[in-house]
Every structure is written in C-alpha cells, then in structure tokens.
1. Would you check if there is a residue in region 540-548 being hydrophobic (A, V, I, L, M, F, W, C) and over 32 Å from the mean Cα position of the chain (by Cα)?
2. Could you give me the residue pairs with C-beta distances under 6 Å whose first residue belongs to region 484-500 and is open to solvent by less than 20 Å² (accessible area, probe 1.4 Å), whose second residue is within 14 Å of ligand 2 (Cβ to nearest atom) and β-branched (V, I, T) wherever it lies, and which are 6+ apart or on separate chains?
3. Just to be sure I understand, how many residues within region 115-167 are among the basic types (K, R) and near ligand 2 (Cβ under 10 Å from one of its atoms)?
4. Which residues, counting only those in region 104-132, are more than 27 Å from the chain's Cα centre (by Cα) and either without any contact (Cβ under 8 Å) to a residue 60 or more places away in the chain or open to solvent by 20 Å² or more (accessible area, probe 1.4 Å) (or both)?
5. So, restricting to strands (runs of 3 or more DSSP E) that lie completely within region 189-231, which ones have at least 2 residues that are open to solvent by 40 Å² or more (accessible area, probe 1.4 Å) and either in contact with a His (Cβ under 7 Å, 6 or more places away or on another chain) or more than 16 Å from ligand 1 (Cβ to nearest atom) (or both)?
6. Might you let me know whether region 393-403 holds any residue that is in a helix (DSSP H, G or I), within 24 Å of T328 (Cβ to Cβ), modelled with pLDDT of 95 or more and among the acidic types (D, E)?
7. So S474 fits all but one of (1) closer than 29 Å to V510 by Cα; (2) surrounded by fewer than 16 Cβ atoms within 10 Å (Cβ to Cβ); (3) of a type in the set (G, A, S); what number is the exception?
8. Tell me yes or no: at least one residue of region 256-274 is closer than 30 Å to Y599 by Cβ and charged (D, E, K, R).
Amino acid sequence: MKCYPVPRENLVLSIDNLKDDIPEEYLSHKECYENVIRKGSVLYDIFSELSKDRKHKAHQAPSNAYRISDGIMQNVNPFLLHFALFVPAITNQATPEQQAEFLKHGFGIIGTYAQTELGHGTFLRGLETTATLDLETDEFVLNSPTLTSYKWWPGGLGHTANHCVVMAQLYVKGKCHGPHLFFVQIRDIETHEPLPGLKLGEIGAKMGFNTADNGFLGFHNFRIPRNNMLMKNSQVLKDGTYVESKNEKLTYGSMVFVRVYLLSDMAYMLARAATISVRYSAVRHQSHIKPDEPEVQILDFVIQQHKLFISIATSHAFKICGLWLWQTYSKVMEDIGKGSMDRLPELHALSCCLKTTSTRDAGWLIEQCRLACGGHGYLMSSNLPSLYTTATAAITYEGESTVLLLQTARYLIKSWKRAMEGESLPATVSFLSEYFNKRYNKWENTPKGIVDGLKLVVAGVTKMCAESIQKHVSRGQQYEEAWNSSSVQLIKASEAYSRALLCEVFWFEVDKVSSTLSNNLAVVLKQLAELYITYWALEKRGDLLVYTTISKDDLDKLQERYEELLALIRPNAVGLVDSFDIRDEILCSTLGAYDGRVYERMMEHALKSPLNAETVNQSFHKYMKPVILKHKI
Ligand SMILES: CCCCCCCCCCCCCCCCCCCCCCC/C=C/C(=O)SCCNC(=O)CCNC(=O)[C@H](O)C(C)(C)COP(=O)(O)OP(=O)(O)OC[C@H]1O[C@@H](n2cnc3c(N)ncnc32)[C@H](O)[C@@H]1OP(=O)(O)O
Ligand SMILES: Cc1cc2nc3c(=O)[nH]c(=O)nc-3n(C[C@H](O)[C@H](O)[C@H](O)COP(=O)(O)OP(=O)(O)OC[C@H]3O[C@@H](n4cnc5c(N)ncnc54)[C@H](O)[C@@H]3O)c2cc1C
C-alpha cells in the first residue's frame, strides 16, 4: 500500500494560516466546512510536495500523518477518505496498468469510497446501484434505480471529491454478478461542477464528523469506460466475458484495511483523552481526603485512578495489538499476492472483533475521561466532546459493531466444529482444541493464568452457542433461523474472544520486549499490562466463575492486586501521558495543555465567544426588554 511521508510537526504547526482566530464551534456549518477545506488544502499541498521525492513501499503500516491534520482540523478531514479508502481501494483492487492510469494525476485528484446507500450499509449483496455493460460502446452505464439506491454517507462526497470508487451490482448480458468496484469521475477538474447525469450533495449536520462532508450521489444513465471497473480480482472482457474472482470477498478488502488500522487509531484517540483527563486531574484540587489537610489533587482519589488509568493501559494495549494485527494483515496480503487465501477468513474474523472492541472501548473510555473532569469536561474547549463524537462514529462506520461481531462468531463456530473433528487450528483459535481435549489446568492468579481463563470463557460460550444452534435445528428451525435465535450468545462469544486476544497479545508482546527495555520502562509497561488484564478479569468475574476454577478467594486477591497497581502507577501517571508526546496544538484542549494553566486557558477561550464581543446583546433590546417592561409590576 502507498506510504505517505509524515511531515515534521514543526513544519505544519508553524504555518500561520493553519491557525484559527475563531474556534470552530463558533462557526456555521458552512463556515466550518470552508475553513477545514482552507486548512486541508494547505496540508494537501504539503503532502503533495513531500510525496514527490519518496519511494512508495508496500504494506507499510499507514503513517500517522493524518493525525497532524486531526490537530489542525480539530475534527475530521474531508480529504481523509482519499487516503484511507480511495487510494487503498485502487492499489488493492485494480491491475497495475489501471493503477498507473487512475493514479497518474497523483494528488491532482481527490477521491472517496462510495459503497453505502440510503437503503443499505451492512448487507452489501443488497446494494441497488447498477453498472450495466454496454457491449456496443464498451462502457458501463451506472444507475440509481431508486431513492434508496443513492450513495449516502461517503466522506468528502458532498462537495470535496472529484472522483470516487463506487461499489455497484455488475450486470453483463442480463446476468447480475454481484457487487464490484468502479473508478468514477464525478466532478469537472477545472470547474468542480458535478458531471451531467449525477445528483450530488451533502447529507446534513451530524452528531460529530461535521467537517467530513459526508455526501449523497445518484446516477442517471451515467457512462464510464469498461476499463474503469477495478479488474485485479475479476474481469469483464471486451466481448462481455465475465472472469470470476478466485474469492468474491476480495472485493471487500479495502474495509479490512481500515478495520485493521482503526485499532491504532483508537489507541491515539484514547491517548489524547487520557492526556487531557490525567493532566487536568493533577491540576484540579477539590475536597479533602484527610479533614485537617489542604484540598487534594483529584488524581489522589483512588476512584479517579480507577476511572483513568485503564485508559492509559488501553491505549498501549490497542497500540501493541494494532501493530500485531497490522503484521498479520501484511502477511495475509502477501500470501494473497502469491495466490494463497487460506488465512483470509482468520484475518477477517480478527479484524471484525478487534475493530469492534477497540472502537466501543474508545467510546466509553473517552466518555469516562470526560465525566472524570466534571463540568469543565463538558466544555467544547476541553476537546473531550469532539474526541467522543469522532471516536464513537467508528463503532458504526467500516462495519457496524453487531454485524462484525457476528462475522467473528461465524468463524468461531466453524473453528469449534473443526476442533471437534480433530482438525488442527490456526494459533489464534487453537485454544478451542486444547479446551476440547480438556488440557486446561487449575486457575492461577497470574497474567498468564488470567489469559488462559479468558480463553476458557471463549471456548465455553462458543460450545454453548454450538449447542444452542443444534437445539434449535433439532426443533425444526433452518440453520439460519437457529443462528438468529442464538445470536445473543454468539455476540457474547465474539466479545469474549476479542477481550482474550487483547489481553494475550498485550501481555506477551510486553513480556517479549521487556528484556530489551530499561528496567524502569519494563516495570511500568508491565504494570500497565497487568492492570489491563486484572481490570478485565474483575469485570468478567461472572464468566470466570462459570467457566473456570477461579474461587472467591482468588477474586479477592485479584481486587487487592488491582488496587496495588493503581497505587504503583499513580506516581508515574502524568509522566505516562506526557510520554504520549501529543503537542498542545494537536491536543487542542484547555484542560490538557502541558503547562497546566487550565483556568487561564479556559477564560482566554471563553472570551473568544462571539457573544462576549459586546456586554449587551442586541436581543435584549429587540425581544427581552419589551416583554420585561410590559409585565413590570
Ligand atoms: C489534507 C491532506 C492531509 C490528510 C492526511 C494525509 C494522510 C496520510 C496517510 C493516511 C493513511 C490512512 C490510514 C487509514 C486511516 C483510518 C482512519 C479512519 C477514517 C475512516 C473514516 C470513515 C470511513 C468509513 C467508511 C465506510 O464506512 S465504508 C463502508 C463500510 N461498510 C461495511 O463495512 C459493510 C459491512 N458489511 C459487510 O462487511 C458484509 O456485507 C457482511 C460481512 C456483513 C455480510 O456480507 P455477506 O452477507 O455477503 O456475507 P456472509 O455473512 O454471507 O459471509 C459470507 C462469507 O464472506 C466472508 N466475508 C465477509 N466479509 C468479508 C471480508 N471483508 N473479507 C473476507 N471475507 C469476508 C465471511 O467470513 C463468510 O465466509 P464463510 O462463508 O467462509 O464463513
Ligand atoms: C461517520 C460515518 C462515516 C461514514 N463514511 C462512509 C464512507 O466514507 N463510505 C461508505 O460507503 N460508508 C460510510 N459510512 C456508512 C457506514 O459504513 C454504514 O453506516 C455502516 O456500514 C452501517 O450500515 P447502515 O448505517 O446502513 O446500518 P444498517 O446496515 O441498516 O444496520 C442498522 C442496524 O441493524 C442491525 N443489523 C443490521 N444487519 C444486521 C445483521 N446481519 N444481524 C444483526 N443485526 C443487524 C444492527 O444493529 C445495525 O446497527 C459512514 C457512516 C458514518 C456514521
């Protein structure tokens, strides 16, 4: 995949016209968009220049370059889909010749990824946009036959992108071959006007993501060359012959890429929320612990540590697991390039459950960070509300969480059946065979013991799901109905699997590298990993009591160890968030700035409110005064 250079933060942050005189929250919807395009265009120019002198390397973990834009935009960058999905879709799904053709203008075009429709987001086989081959003219004719077939949601589609990759049902000689991807120009490069036969616009204000320019797109007999179908995996020849893909799900590959990446993205979201809330908790003094002593830093309340330190640990867990998952992704992509698709189902299952858990956890943990800052966390200037609305969008986009967990459950049930038949399983699910062969020992109150216990929960719940499905089938339900009847437990199995994976990878990756770290760093990282695992053992104590030999006494000891870890981490808490190394200009928070001048920054920001430009707002004389005087007694 393409690699984009990471411009030095100093370079980007030194550009004056990237700074905002008026905070974004005081701009109108339209001004917000225009402002973010102004800043995004400067960034786009910088990336264009930097990319000219760089060789592109394959499968390198995506740079965090766009995170600088997070700070500059303080919201979502409408150019992001160009980098996150449009270019990766072309490099993953087009032939080398097509890539050279479609990307020949480099940064001269701006694209998005138009898959979701007004009527369908999850069920891709139900998408209604059609691409019908016209043999005579060697073209595809794109149509949106119904209102529900309009593309709806793609980022940058409303007013920013001039090209897109479109997912449409392929029709050749009257036969439908299912969803395929097409390279489509949608606006004139010079005038930016929508091309004839298209209806384009933005979908309106949202809970967040309000600078992402999510849009709608309708086709009316819109023609593109036959060669504009991305033909790496399947082809349509000039004579109308359709050549099938070796695996029709390769078409969905771009989604896997973003799902894999989101783990790292959520690590970064959480690092920001933790930085803001821990620093603020070190500055804020409120109430007493000992009645005869001064008010304490709220970070000295153990319950505040319980609320916040899990976010520090989780950010590291997602970062480390994100790198592990990226390595798996790169290896599987390499195998696919050599013609082997054996590990694609495993990668799909891993990316589905880990994307879901990381985005859900980021959501509730950022909210927990906000709440831990009291009223000031509720200010837009804290940046915690924006972090929350941006992070929680990821629970839905790139595959809604319920749907993706069911995909992982599908893989767990298949693996369970293979274990029952004595087949060998990939390492990520081999514990199912071990469970089946009853190789698990007595509970141990150690990180490894906890990981083994969490795996036992996965195996136990998966077994229960398999038995539930079998029970419904034996009562006369079709398999799909029995699956639906068992879906509450199937979701539980996937959630348990994802948690066990995160705990296992976090602990063992830290353990693996600890010998290469300075003693102090190794100690602190292990404390964070142990805190994470112990936190989740206590959260999942019910399941552990059902599926393992853990005792009440073991749980009491775990609770004691957990509280010890909070105390051990407390002295390093501020140092740990400082080590995320997020500059104030990118953190964008009055509560989390490095210098701790919280109250001065809050007041400076408040005075920027347009309402404070005058002491008496005109509405007093216009509306209030007449009423007050009329009813004055
Ligand atoms: C200004 C300049 C500066 C800018 C900055 C510069 C940047 C520089 C660098 C940047 C790098 C960027 C890196 C990335 C950044 C990421 C940040 C995030 C930003 C994102 C913003 C929002 C974007 C959002 C996009 C979208 O939402 S796209 C639309 C997403 N939609 C979905 O996910 C749809 C979900 N539905 C499905 O996946 C499927 O339909 C289904 C799986 C749910 C059901 O499908 P189906 O019914 O067909 O399948 P079955 O259930 O029957 O299963 C059949 C078998 O198919 C297998 N399967 C299914 N899916 C897949 C798959 N994806 N891969 C492999 N296999 C798959 C199943 O496993 C079944 O197999 P089996 O039969 O063997 O069991
Ligand atoms: C901020 C944001 C940005 C986006 N950007 C893009 C983009 O750039 N490009 C793009 O193409 N799309 C984009 N999307 C769309 C996104 O991919 C879809 O919203 C997502 O795939 C869910 O589809 P849907 O909204 O149609 O929900 P539906 O598929 O209608 O699902 C609604 C609910 O029904 C339930 N459900 C659905 N199917 C099942 C099932 N099989 N089993 C059990 N329950 C089920 C789930 O609870 C689900 O939440 C974006 C969305 C958001 C919010």
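1. There is at least one residue in region 540-548 that is hydrophobic (A, V, I, L, M, F, W, C) and over 32 Å from the mean Cα position of the chain (by Cα).
2. Pairs that qualify, where the first residue is open to solvent by less than 20 Å² (accessible area, probe 1.4 Å) and the partner is within 14 Å of ligand 2 (Cβ to nearest atom) and β-branched (V, I, T), are S494/T408.
3. Number satisfying all stated conditions: 1.
4. K104, H105, G108, T130, T132 - these are the residues of region 104-132 that are more than 27 Å from the chain's Cα centre (by Cα) and either without any contact (Cβ under 8 Å) to a residue 60 or more places away in the chain or open to solvent by 20 Å² or more (accessible area, probe 1.4 Å) (or both).
5. 198-202, 222-225
6. Looking for residues that are in a helix (DSSP H, G or I), within 24 Å of T328 (Cβ to Cβ), modelled with pLDDT of 95 or more and among the acidic types (D, E), one finds none in region 393-403, hence no.
7. Among (1) closer than 29 Å to V510 by Cα; (2) surrounded by fewer than 16 Cβ atoms within 10 Å (Cβ to Cβ); (3) of a type in the set (G, A, S), the lone unmet condition for S474 is (1).
8. Taking every residue of region 256-274 in turn, at least one turns out to be closer than 30 Å to Y599 by Cβ and charged (D, E, K, R).
The values are calculated or read from the model by the stated rules, or taken from the named source; none is laboratory data. The structure presented is a predicted model; accordingly, all values stated were derived computationally and were not measured. Every residue, glycine as well, gets a Cβ built from its backbone with ideal geometry; the counts of neighbours run over all protein chains shown. SASA here: full protein model, heavy atoms, side chains in, ligands and nucleic acids out. Shrake-Rupley method; radii C 1.70, N 1.55, O 1.52, S 1.80 Å.
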